[in-house]
Amino acid sequence: MFTNQSAERPATTADNKRVPFNDLAIQWREIRDEVTREFEEVFARSAFSSGPFVKSFENEMAAYLGTKHAVAVNSGTSALHLAMAAAGIGPGDEVLVPAHTFIATLWGVLYVGATPVLCDVDDATGTIDADAAAGRITPRTKAIIPVHIYGQPADMEAVNKLAVRHSLLVVEDNAQAIGARWNGKALGTIGQIGCFSFYPGKNLGAAGEGGLVCTDDDTLAERVRVLHNHGQSERYTHIEIGFNYRMDGLQAVVLRHKLRRLDDWTSRRKSLAQRYQAGLSGLPLKVPAVQNQDHVWHLFVVRTPLRDELRTHLQQADIETGLHYPIPCHRQPCFQHLALAGDAYPHSDLWASEGLSLPLFYGMTEAQVDRVVREIRRFYARGEAISV
């Protein structure tokens, strides 16, 4: 289906069409009529903060994930903060986190006064390397946060073995992999606490910010519910210092309608990812594959030392790409004091310097995927694109 194309071949009309990195308006058009009708009810009932629509979303998420408790909050960052606080993590404690992740993974640890301990990641998946994490455990280590990055599970067998051996709390950062499974269980329900983000660009995205904490532990769930609502055990009775991390009713409406379509949307993502994999095979770049049982393809990240040159070529062809994440945590100005000296995070550095996220979104067409593939093949057919 795909062949190397000469750089001199005239561009077709299809080759001139812009390919966006994402197009969230497609989702909105699909749910607009039913969501708009329900918005009217939110306003009629003044159910703006928490309330019945949020409760319905929590119940539906708990059922979808197969978990006992689901608490909707205002962002994925808040979910991570609440997980740490509810578990009693605090000053003097250490928490193992991957060096290759979005920075929010570390915020929750820092917000409770604990210390993030950065660990390198697996070269093939970009998820936390359990062996690297094992080498960073001290008597102060209390928890580990596996990040299911780009939509693929971390190696939860290795993570859980490490956690059991050292009595560590497992807090899953599942901001990017909702719907993925490990040994038949939904990600986010394998550790003691799961944290989700509903940032608009996520596979299940709100029309703004949103997040969720899930757990089967009654005590942890109750503490999260208290903490996320100003520390209230009942109205105007504040039993501890809390936070204003409630989800609003309008976001819950949007998320409920998208949740009903999530599995179908995920199936479409998987189909597009398979088309990319077939089209890009044989090229001198690393194409992502399913390494850990499942993948819901939040992002399709290829790797090449020619990342910047390839990105420029695609940009000139009117194809948008993304970088996730070009500065690893150990090289962030605010985290350099947490990093080990020397070349301690080689795989994290490679993911940061070589990773290029190609367009992949619900509503993307096969023709758009094919256009991206053609331009990448055209790039490598040019004399200036050296093999790696």
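The values are calculated or read from the model by the stated rules, or taken from the named source; none is laboratory data. Keep in mind that this is a model prediction, so the values were computed, not measured. Positions of Cβ are backbone-derived with ideal geometry, glycine not excepted, and every protein chain shown enters the neighbour counts.
Go through (1) without any contact (Cβ under 8 Å) to a residue 60 or more places away in the chain; (2) outside any loop (DSSP other than H, G, I, E, B) and name the single condition G88 misses. Looking at each condition in turn, G88 falls short on (2). Filter the range 47-67 down to the residues that are part of a loop (DSSP other than H, G, I, E, B) and crowded, with 17+ Cβ neighbours inside 10 Å and list them by number. Of everything in the range 47-67, those that are part of a loop (DSSP other than H, G, I, E, B) and crowded, with 17+ Cβ neighbours inside 10 Å turn out to be A47, S50, G51, T67.
For the range 268-296, taking the residues that are in contact with a His (Cβ under 9 Å, 6 or more places away or on another chain) and in a helix (DSSP H, G or I), the one that is nearest to I26 (Cα to Cα) is identified as R269. Which residue, of G231, G210, G188, is of a type in the set (G, A, S), more than 24 Å from D123 (Cα to Cα), touching an Asp or Glu at 6+ places or on another chain (Cβ under 9 Å) and crowded, with 21+ Cβ neighbours inside 10 Å? Result: G210 is the single residue among G231, G210, G188 that is of a type in the set (G, A, S), more than 24 Å from D123 (Cα to Cα), touching an Asp or Glu at 6+ places or on another chain (Cβ under 9 Å) and crowded, with 21+ Cβ neighbours inside 10 Å.
Comparison of D349, D343 shows that the only residue that is exposed (fewer than 15 other Cβ atoms within 10 Å of the Cβ) and acidic (D, E) is D343. Inspection of the range 376-383 finds a residue satisfying the criterion of being out of contact with any Cys (no Cβ under 9 Å at 6 or more places or on another chain) and free of Cβ contacts under 8 Å to residues at least 40 places away in the same chain. Screening the candidates L106, L118 for the property of being assigned to a strand (DSSP E or B) and either within 18 Å of P346 (Cβ to Cβ) or in contact (Cβ under 8 Å) with a residue 12 or more places away in the chain (or both) yields one hit, L118. Scanning the range 197-235 for residues that are basic (K, R), outside any helix (DSSP H, G or I) and more than 22 Å from K258 (Cα to Cα) yields a total of 1. Being buried (at least 19 other Cβ atoms within 10 Å of the Cβ) and not polar (S, T, N, Q) is a property that does not hold for G113. Looking at the range 158-217 only, could you name the residues that are within 17 Å of T105 (Cβ to Cβ) and among the hydroxyl-bearing types (S, T, Y)? Within the range 158-217, S197, Y199 meet the criteria.
Please list, ordered by first then second residue, the pairs with beta carbon atoms under 8 Å, 6 or more apart or interchain, first in the range 156-184 and free of Cβ contacts under 8 Å to residues at least 60 places away in the same chain and outside any helix (DSSP H, G or I), second buried (at least 21 other Cβ atoms within 10 Å of the Cβ) and aromatic (F, W, Y). Matching pairs, first to second residue: N174/F196.
One line per residue, one yes/no per condition, for (1) surrounded by 20 or more Cβ atoms within 10 Å (Cβ to Cβ); (2) under 20 Å from S50 (Cβ atoms):
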{"site": "S167", "(1), (2)": "no, no"}
{"site": "N174", "(1), (2)": "yes, no"}
{"site": "S197", "(1), (2)": "yes, yes"}
{"site": "A206", "(1), (2)": "yes, yes"}
{"site": "E240", "(1), (2)": "no, yes"}
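The test for being of a type outside the set (D, E, K, R), at pLDDT 95 or above, within 19 Å of K258 (Cβ to Cβ) and not in a loop (DSSP other than H, G, I, E, B) does not hold for A44. In the range 73-85, of all residues being part of a helix (DSSP H, G or I) and hydrophobic (A, V, I, L, M, F, W, C), the one that is surrounded by the most Cβ atoms within 10 Å (Cβ to Cβ) corresponds to A79.
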